[in-house]
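Since the structure comes first, as structure tokens, the remarks are kept for the end.
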Amino acid sequence: MGEKLLIVDDQFGIRILLNEVFQKEGYLTFQAANGIQALDIVSNHSPDLVLLDMKIPGMDGIEILKRMKKIDPDIQVIIMTAYGELDMIQEAKDLGALTHFAKPFDIDDMRKVVRQYLPLKSV
């Protein structure tokens with residue numbers, strides 16, 4: 001079974017794209033459209049890596065990240081943001097985010113970084 005990757009984004013199209021790309025790569029993927037779903041998946045499935053959008057209605061990315069870290073202090077998170085909000089990016093990194101991607105991101109860059117932080121174990 002592949003490494004577990006959670007995709008958290010309120011935009012359906014982005015979730016589907018990332019899901020398709022990383023399933024083809026061999027990852028076991030989970031999707032969440034909001035913070036409640038994301039925290040539920042973290043609690044029940046312990047993903048190895050999370051791709052987390054910062055701008056989500058309701059519970060924003062910083063709040064989701066804080067709560068994920070309470071559930072699993074070692075969880076690895078890469079943040080995605082469509083906004084050049086340097087203070088939010090810095091706060092996320094202070095909370096333990098590995099790196100960030102600005103939207104629209106290059107899917108090949110995203111694949112490389114995910115592979116770097118979450119290498120697939122040979123089957």
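The values are calculated or read from the model by the stated rules, or taken from the named source; none is laboratory data. Quantities reported herein were computed from a predicted structural model and do not represent experimental measurements. Cβ atoms come from the backbone with ideal geometry, glycine included; neighbour counts cover every protein chain shown. In case anyone asks, the SASA skips ligands and DNA or RNA and just uses the protein heavy atoms, side chains included. Shrake-Rupley method; radii C 1.70, N 1.55, O 1.52, S 1.80 Å.
Summary of values
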| read-out | value |
| --- | --- |
| Estimated FRET transfer efficiency when R0 is 25 angstrom, pair His45-Lys70 (beta carbons, to 0.05) | 0.95 |
| The stretch 41-112, relative contact order [Cα under 8 Å, separation at least 6], % | 30 percent |
| The chain, accessible surface, carbon-and-sulfur percent (1.4 angstrom probe) | 51 percent |
| Accessible area per residue in Å² at 1.4 Å probe, computed on the chain | 52 Å² |
| Cα-derived Rg to Rh of the stretch 21-123, Kirkwood definition | 0.94 |
| Among Ile75, Ile41, Ile107: highest mean-square fluctuation, GNM of the chain, C-alpha pairs under 10 Å | Ile107 |
| Mean-position separation - Cα centroids, the stretch 1-23 and the stretch 78-123, in angstrom | 13 Å |
| Percent of beta bridges antiparallel (DSSP, the stretch 1-114, rounded to nearest 5) | 0 percent |
| Of Lys4/Lys121; Lys4/Lys112; Lys4/Lys93, pairs whose Cα-Cα distance is over 20 Å | Lys4/Lys93 |
| Value of relative contact order over the chain, rounded to a whole percent, pairs C-alpha under 8 Å and six or more apart | 24 percent |
| Charge context of Ala32, other residues only, Cβ under 12 angstrom, K/R +1, D/E -1 | -3 |
| Reachable aspartates and glutamates, given that their alpha-carbon falls under 15 Å from the alpha-carbon of Lys55 and they are not under 8 places away in the same chain | Asp9, Asp10, Glu63, Glu85, Asp87, Glu91 |
| For the chain, built as a Gaussian network whose Cα springs stay under 10 Å, the top-fluctuating residue of Leu39, Leu95, Leu18 | Leu95 |
| Assigned charges on the beta-carbon of Lys, Arg, Asp, Glu; the chain dipole about Cα centre (debye) | 300 debye |
| Share of alpha-carbon pairs per 10 Å distance bin for the stretch 1-76, given as whole % | 21, 56, 22, 1 |
